[in-house]
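Take a look at the structure set out below.
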Amino acid sequence: MQRIAAVRYPSSQTGILALDKQGLAISHCMVNGTFSSFIAPLEDWNTLPLATQARTSIAGPASLFIGALRNAGYLPRGRH
């Protein structure tokens, strides 16, 4: 996975799109609020000023979110 994007909708659902290294979609899904504890740190990071974002690693929370999505069957486990 090269990129993953999430879009929150007013209905408390979140759309997830995962892209491979060539920019092709490898997975997409809609998830509900059960993932909010994983998404909150990513949203908090997103509100930081750009200079602070550049100095702050988001790798840990992003890995936890991706792992939770994989464990729930929303994202593939294998390499593409």
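The values are calculated or read from the model by the stated rules, or taken from the named source; none is laboratory data. This structure is a prediction, so every number in the text was calculated from the model and none was measured. Positions of Cβ are backbone-derived with ideal geometry, glycine not excepted, and every protein chain shown enters the neighbour counts. Each accessible area value is taken on the protein alone, full model and side chains, heavy atoms only, with ligands, DNA and RNA left out. Shrake-Rupley method; radii C 1.70, N 1.55, O 1.52, S 1.80 Å.
Pairing residues of region 26-47 that are under 16 Å from Gly73 (Cα atoms) with residues that are open to solvent by 80 Å² or more (accessible area, probe 1.4 Å) and at pLDDT 90 or above, at Cβ distances under 9 Å and at least 6 apart in sequence or on separate chains, gives Phe38/Leu64.
Filter region 55-75 down to residues that are over 17 Å from Arg3 (Cα atoms) and without any contact (Cβ under 8 Å) to a residue 24 or more places away in the chain, then give me how many there are. Total meeting the criteria: 4.
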